[in-house]
Every structure is written in structure tokens, then in C-alpha cells.
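Asker: After the C-alpha cells below, expect a handful of questions from me.
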Number of protein chains: 2
Amino acid sequence: MSRRLHSIPEYIAGIRAGNRVVLGQAITLVESARPEHQALAQEIIGQLLVAGSSASRSVNRPDDSVVPQNLTPKSVPGTQDNPQTTRIAITGAPGVGKSTFIEALGMYLVEQGEKVAVLAIDPTSSISKGSILGDKTRMERLSASDLAFIRPSPSGESLGGVARKTRETILLVEAAGYDTVLIETVGVGQSEIAVHSMTDVFLLLLLPGAGDELQGIKRGIVEMADILAVNKSDGDRVKSANQARAYYLNATHLLPPKDSGWTPRVLACSSQENVGISELWNTVKEYKNLTLANGFFMENRRRQAHYWLQEALDAGLKSAFFGDPAVQARLAELEPEVLAGRMSPFAAAAKVLGAFERREA
Amino acid sequence: MSRRLHSIPEYIAGIRAGNRVVLGQAITLVESARPEHQALAQEIIGQLLVAGSSASRSVNRPDDSVVPQNLTPKSVPGTQDNPQTTRIAITGAPGVGKSTFIEALGMYLVEQGEKVAVLAIDPTSSISKGSILGDKTRMERLSASDLAFIRPSPSGESLGGVARKTRETILLVEAAGYDTVLIETVGVGQSEIAVHSMTDVFLLLLLPGAGDELQGIKRGIVEMADILAVNKSDGDRVKSANQARAYYLNATHLLPPKDSGWTPRVLACSSQENVGISELWNTVKEYKNLTLANGFFMENRRRQAHYWLQEALDAGLKSAFFGDPAVQARLAELEPEVLAGRMSPFAAAAKVLGAFERREA
């Protein structure tokens, strides 16, 4: 980053006041590869989580309007894993119209005075230079709204890195008062699994027509979905949209019951004609009310936090190990022996691990 | 182990002489959880790999008969990843008749003077007390042969642990002159993936009839197979066996070409009537000749060695980390904070990793 860094209290105050420039700068720290930026980002997130309270959340809406909070109960005092916020995965095969759908849903929410953040997980963005969401003109109306915050996918070498950065960014945008976070995936690779590990509700968009193969939907994705919505249900596509709805209604009935106690719903909508969007949002609210009441909502957040702790430990441990000069030297010496079959992989591993144990801390 | 341990030279000499009692004792060391047994096992395997030579291989056949070695070229001097040996995965759904098939194939080989070892990967064996192969009466004739060595699956808490022990045992039985190693899986869970990572050729047994679902075959298993054999092709099952063969012949034609350059074959056999066993063995030989000639055979072994090195490093690193008292203390303190949402998983991970870095080596 070329621009001057703020002090930590400046970041905290700026984010909690809903200052979008400061929020964007903090996210840039999260996305930075430089260790000093990473440390600063961790400090900011840490202080926001500890210092934040439900009282601070209502004042940082830019328009100071009183927004009815009938969707969710107030946050539990003393914890900042706030059930007031809703993290929504939005997935679907390329061409299903995710951007126009997000614009339609986002506009519906901001028109009711809700603050909405739109994030993305796109491990291909470093190759395609951020094709997804990189161009805000794809969500022209939403990006012009004071209540919306749109951030392109972080770039990174691996899905793991990209996903981790998005997970941290969720904490920042929530601290800035964005209570609804929409997280888009590109619909290729393993990004749906990553987004599933950081969201409260999983929305799968479908095309009119029928059958997973026609839809380009990978195995396992339908099983993850809480809400399926056949998009582009307009004009002469209404009939085939209904066919798709019937097909997936049947498919979801065949799936085993979910831990959440929720039975997946299959809806139809048209982002273009703005049809079915409010019904969809009501379904999200229904899902949330059910899972808050039966305890799954917070239990799921705890599970996700546990998962990300394990992931971060694993990544950090490997990075410390393979970055260690003694390990690198011993591995360079022994790996050829293993590959030639002159040494057992397990004996070599024991020696390399020994080099790590004896290193200078 | 209650019995007295041998000295390392005694183990080496015993194994290289094909002494099955000593071989069994060495495998017990591999399977032991005690660190001193593990260290001894590693030392034995290490010395066998380095000291072994192709000259030593022909003398340790118990009957000293001259066995034609037309199947494979002599081992490359200076390496003990010996292309003379053949590691064969034998998989298939429960009820397909793996044990009777292994007995039929094993008897066919020992009748030609080949030494055959039969191992297994069964992560359920610790629960079921070694149902698979545990009872040698399931292979009564083969277990009575001087040329056969049958060892039940190691038990262990995880598939990873069981697989690792089997992978090490392969090195021991090969050092004892067992040039053909058959490795059976239980056909449930992920054991096929594990066996695929340590074998040269992957054999999938099928039942007469048709369709993956009827056969209870998991996704991805057919894709791994080099040879598919419809077992129990006898009596009034010959017709439905041929149906299954046609079905899988078609299925394999739809698969992408394999790295090995080999086109999967679909055969029919009857373990009970001893039909199709020699054809099957000829197909294994064809596979081996092709992949030795095009370089895939040894390349695949190198890839597998690399995989197991990475696995062993990963397992050892995690064990050192999570076994560290400073890590345990810090994790016990911070994990509740993460689960309650008061601390970011990434900040907590950084602190726990810091505790590991600063520990007493």
C-alpha cells in the first residue's frame, strides 16, 4: 500500500463510524501479504471483536435512520459473534445471473434501510484480474447506494488463502454495521465448500430447465443448499422455470434431513422483473428464525469458528515448517533418497522433523 | 510385545533369509505404538532398503527353486525401489468375494513358485477385532503354503495410521522376497484411496448384474481401476456376469485416458471354479510390461514415495504441535474465546503458533 497507514484507534473509530474509506483500507491490510500489515489487521479485528457492543451497532448507519430489528434478536451481551448479522452464500453455475440477482436482492434490502455488504470468493480472480465483481458497473444501482458496500474478491494463489481473507473481511464489514453480508462464488472449483464454511444460509441459484447436468451443478452442491431459487423465471421461461422447480423440489425431498432441522425450499424468481425477491427474503428470515430458535444458528457459527481455527493453525504450522532453513536443507538432501526408493518416506520424515525440533527458535 | 526383541542384525538376516517368524515380529514392531519399537522398525527398514540388492533376492526363497523372472526386469543397481515386485490393490464392495478371489489368485501364483504376500487395509478392524483376514481359515489353502505370507490388517484409530503401517509392511515383505503383494481393502470408507496410493495396479472386483448402484460401488472407484473383474461368473450367473462386463466396458470407455497410457480391461472370472484367473494374471503382466516400458511404473512409485513423505511430515508435525504442553495450554485458553466469537480464529492461531515457536526444544 502506498498510502499512509492510520493508527489502530483511527481504524477502529473509522470502521465503527461506518466510514467506508477506512473500512476499505482495513480490508486492504487483511489482503496484504506483508507481515506488518497482517499483524495490524489482526490487531484491528481483535479490538473490534472485543470492544464492539450491540449499542455501537445502531449508531453507525450513515443515515441514522431507525431500522426495525424484527429480523433477529439483539446480540448476546459480551459476545461479538452477533446473531443480528446474516451471512448468505450465493452460488450457482456461471450464467445463472448471480450479479443481477445480488443487485435485485441488495436493492430490495437497502430500500428497507438495511446495510448490505457484497463480498466474493473467486480463486480465479488473480488470473482473470478480478473479473467477478471487479467491475462495479455490473451492480450499478447497488454500488451507488450509501447503504451498500461492494468489495471484489481478494486475489491469492490458493482457494484457502482467498477464503481466509474473505472470512476475515466478514468480521470487518459486520463491525462497520453491515448486518447482511452476501458472499458470491464463481461456481467453479471448490469455492462453494469454502463459502459454506463461513455462512449462515446457503442459497443456490438455478436456471429454468431441468437436471443437474444441464445446470452444470457439481455433485454435493444441491445437498448444501438451504434455499434453491430458479432465477430468470420470466417471459417465456416461466414454464421451464416451473419444471426446474418441480425437479429440484423432488430432488431435495430425497436428501437426508439437515442438522439445522430446516427443510430446503425451492422458489422461483426473476431478478430482471424483480419478482419473487421479497418471498425469497422472507424465506431467509424464516430460516433464520427457525435456526435461532432451535440453537443451530449459533452452534453452526461455533463450528465454523472451530474449523477456521484449525485451518489457520494448519496453514501457520506448515508455513513455519517448510519455511525453516534447517528443514529445507534436510529435505533437499533426503527427498531424492526417498524418491529413488533408497530410504523409507517415514524414516526421512523422522529426520526432517528432528531438524525442525532442534532448530534455533 | 512380551517376547524378547532381536538385535537389528538378527532382524535383517532373518528377514533376508525369508524367516517368516522374524518377518512377523518386525511387522509387529511397525504396528506398535511404542516409540522405541517405531525407532527399531525404522532402523530395520532403512537398513533393508540400503543393504538389499537384487542378488539377495533369489536366495531367500524357501524352496530355493529357480523361478523364471520373465515378468519384470532385474532391479536397478543401487536402488531398492525394485521394479521386480508388484503391488496389487484388490478392492470391491462387501460380498463380492475378495477372500476367495485372493485365495484363487494366490494359489495360482504359488503353484508357479511365486512368493505371495497378502496384506489388508481395514480401518474398521480395531472395532471388529480384525474380521478381515483375521481369520486365516478364510484362505485355508493359501495360508498352508510355504510360499504365501498372510497378515491381517493392522489396527489403528485412523485410516491414515492403518494405511501408513501397511505401506511400511510392504517394504518388509518385499525385503523377505515376496515379490507379489496383494493388498485387500474392506470396500467401505476411504480405504480405496489409501490403497491406490501404495500399489502399482488397481483391481476392482464386481458382481454379476449391472450398475454402480446395484454393485454398491462408490463414486470415483471405477475411475481408479486398471483391471475390472466380474467375479462369481459361474453357473447360472454367467449371463448376468456378461451383462455386468458389457456395462463396465462401456463405462470405462467413457472415462478420460489414464496417465499410465493403459486402457482399463474388463474381465470375467470365477474364483470358485478357478476360471479366468490365469487370464487375469496375464493382464496384470501386460499392464506391468506396458508401464515399465513407458516409464509410468517407476514414475508412479516416485510419486507415491513423495506422497508418503508429505503425509509422514504432516502427521509428525501435527503430532509434535498438538502434543506440545505450551500449545495445549494456550489452545485451552483461547479456543473458548474463538468459539464465543470474542476472538478471531486467525488471531488465536497466531498466538498459539507463537507459543510453539518459543517452546523449549
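Nothing in this text is a laboratory measurement; each read-out follows from the coordinates by a stated rule. What you are looking at is a predicted structure, and each value in this text was computed from that prediction instead of being measured. Because the Cβ atoms are built from the backbone with ideal geometry, glycine has one as well, and the counts that use them run over all protein chains shown.
Asker: With the crude spin-label approximation of a point 7 Å out along Cα→Cβ, what separation in nm comes out for B:Leu255 versus B:Leu292?
Answerer: Result for the modelled spin labels: 2.3 nm.
Asker: If you don't mind, another one. Taking 7 Å along the Cα-to-C-beta vector as the label spot, tell me the A:Glu357-B:Ala144 distance in nanometres, rounded to one decimal.
Answerer: Each label point is offset 7 Å from its Cα along the Cβ direction, giving 4.9 nm.
Asker: How are the C-alpha pair distances of the stretch A:1-51 spread across 5 Å bins, as whole percents from the shortest bin up?
Answerer: For the stretch A:1-51, the binned pair fractions read 4, 23, 36, 26, 9, 1 percent.
Asker: Give me the net charge for the shell around A:Val50: Cβ to Cβ below 10 angstrom, other residues only, Lys and Arg +1, Asp and Glu -1.
Answerer: 0
Asker: On to the next question. Treating only the Cα positions of the stretch B:309-357 as identical point scatterers, give the base-10 log of I(q)/I(0) from the Debye formula at each q in 0.15, 0.17, 0.31 Å⁻¹.
Answerer: -0.43, -0.53, -1.06
Asker: Can you put B:Leu292, B:Leu339, A:Leu255, A:Leu105 in order of Cβ neighbours within 10 angstrom, beginning with the fewest?
Answerer: Ranked by crowding around the Cβ, least crowded first: A:Leu255, B:Leu292, B:Leu339, A:Leu105.
Asker: Sticking with this one: For B:Gln84, place a label point 7 Å from Cα along the Cα-to-Cβ direction in every copy; what are the distances to the other copies, in nm, shortest first?
Answerer: 7.5
Asker: Here is a follow-up. Residue by residue through A:293-302, how many Cβ atoms from other chains fall within 10 Å of the Cβ on average?
Answerer: What the average comes to for A:293-302 is 1.
Asker: FRET efficiency for A:Leu5 and A:His306, Cβ-Cβ distance as r, R0 = 30 Å, nearest 0.05?
Answerer: According to the calculation, E is roughly 0.40.
Asker: Debye calculation, C-alpha points only, no solvent: report log10 I(q)/I(0) for the stretch B:204-361 at q = 0.10, 0.12, 0.14, 0.16 Å⁻¹, in the same order as the q values.
Answerer: Debye curve over Cα of the stretch B:204-361, log10 I(q)/I(0) at q = 0.10, 0.12, 0.14, 0.16 Å⁻¹: -0.63, -0.71, -0.78, -0.90.
Asker: May I ask which residue of B:His6, B:Leu49, B:Ala33 lies farthest towards the positive end of the charge dipole of the stretch B:1-51, with charges of +1 (Lys, Arg) and -1 (Asp, Glu) on Cβ and the Cα centre as origin?
Answerer: Among B:His6, B:Leu49, B:Ala33, the one farthest towards the positive end of the dipole of the stretch B:1-51 is B:His6.
Asker: What are the nm distances, shortest first, from A:Glu10 to its equivalents in the other copies, labels at 7 Å along Cα→Cβ?
Answerer: A:Glu10 label point versus its equivalents elsewhere: 7.5 nm.
Asker: Counting Lys and Arg as +1 and Asp and Glu as -1, each charge on the Cβ, what is the dipole of the stretch A:219-361 about the Cα centre in debye, to the nearest 20?
Answerer: 240
Asker: Taking B:Glu111 in one copy and the same position in all the others, each labelled 7 Å out along Cα→Cβ, what are the pairwise distances from the first, in nm, shortest first?
Answerer: So the distances to the same position in the other copies read 8.1 nm.
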